[in-house]
Amino acid sequence: RFGFFPKHGEDVVYRIELTQESTFRTQTLRHRWTHELVINISGTKPPDSVVGHFIIRNVVNDESAAGDPFYAIARAIEGERFALTMLSYGVPVEVDWLAIRHRIESNLDKSDPRLAASMPQILSMFPPDGVDAVMRALWVTSIPHLRTFARDGSKTTVAGVDLPAY
């Protein structure tokens with residue numbers, strides 16, 4: 001397995017670029033935006049987790065991202081500090097979703113009325129751990145950290161795993 005061994009009290013910074021492109025008949029819609037996810041681990045939580053906090057910062061609309069719900073969420077909580085639990089292998093498993101959701105609902109940019117009106121329904125679709133809403137890119141890319149390496153060179157097929165692609 002991969003390890004995740006940050007020093008406690010030091011920031012780990014991920015720079016994330018998200019791009020989505022959809023084509024409907026002759027029209028292509030493209031959303032592209034970037035942000036930084038700053039994670040700071042402060043302690044351990046037996047048996048196999050670490051705890052700390054995270055901050056999303058430097059949220060930048062690079063191309064038509066205003067209608068992207070994930071961009072709206074990041075903008076609404078930008079610069080705020082929230083609790084985080086990760087598996088000791090580096091996979092985020094829980095954030096303070098209640099506090100985050102409250103912050104999003106009270107700080108949602110109303111410049112896109114259609115998105116603002118649909119945001120309560122969008123927020124209700126996220127699971128109670130809240131990870132998918134605020135650090136989906138890190139969650140999905142960290143899944144390989146959970147799998148063990150076949151040291152004998154054999155191949156492994158995993159059936160029945162319903163994980164998102166990213």
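The values are calculated or read from the model by the stated rules, or taken from the named source; none is laboratory data. Worth saying up front: this structure is predicted, and the values here are computed from it rather than measured. For neighbour counting, all protein chains shown are included, and Cβ atoms are generated from backbone atoms with ideal geometry for every residue, glycine included. For accessibility, only protein heavy atoms count, side chains too; no ligands or nucleic acids. Shrake-Rupley method; radii C 1.70, N 1.55, O 1.52, S 1.80 Å.
Taking Lys and Arg as +1 and Asp and Glu as -1, the other residues whose beta-carbon sits under 11 Å from that of residue 85 total -3. So I have [x] -1.07, -1.19; [y] -0.91, -1.10; [z] -0.83, -0.97, and one of them is log10 I(q)/I(0) by the Debye sum over Cα atoms at q = 0.15, 0.17 Å⁻¹ calculated from this model. Which one is it? Recomputing log10 I(q)/I(0) by the Debye sum over Cα atoms at q = 0.15, 0.17 Å⁻¹ here picks out [y].
Taking all protein chains together and rolling a 1.4 Å probe, residue 89 ends up with roughly 70 Å² accessible.
Sorting 23-31, 41-49 by their mean Cβ neighbour count within 10 Å, with the most densely packed peptide first, gives 41-49, 23-31.
Note on exposure: 53, 8 ranked by accessible area (1.4 Å probe, complete protein assembly) read 8, 53, with the most exposed listed first. Site pair residue 152 and residue 24 shows an inter-label distance of 5.3 nm when each label is modelled 7 Å from Cα along Cα→Cβ. For the residues 156, 19, a 1.4 Å probe over the protein chains yields an accessible-area ranking, largest first, of 156, 19.
Largest accessible area first, the residues 15, 101, 114, 151 order themselves as 151, 114, 15, 101 under a 1.4 Å probe with ligands, DNA and RNA left out.
Once all protein chains are placed together, residue 78 keeps about 60 Å² accessible to a 1.4 angstrom probe. Tell me the carbon and sulfur percent of the accessible area for the chain, rounded to whole percent, probe radius 1.4 Å. With neighbouring chains kept in place, the figure for the chain is 51 percent. The Cβ shell under 15 Å around residue 30 holds other residues with a net charge of -4, Lys and Arg each +1, Asp and Glu each -1. Close amide-amide hydrogen proximity is noted between residue 49 and 88, each under 5 Å apart and 5 or more residues distant or on a separate chain (H modeled in the peptide plane; Pro and chain starts excluded). Distance from the C-alpha centroid of the range 1-77 to that of the range 79-147: 9 Å, rounded to the whole angstrom.
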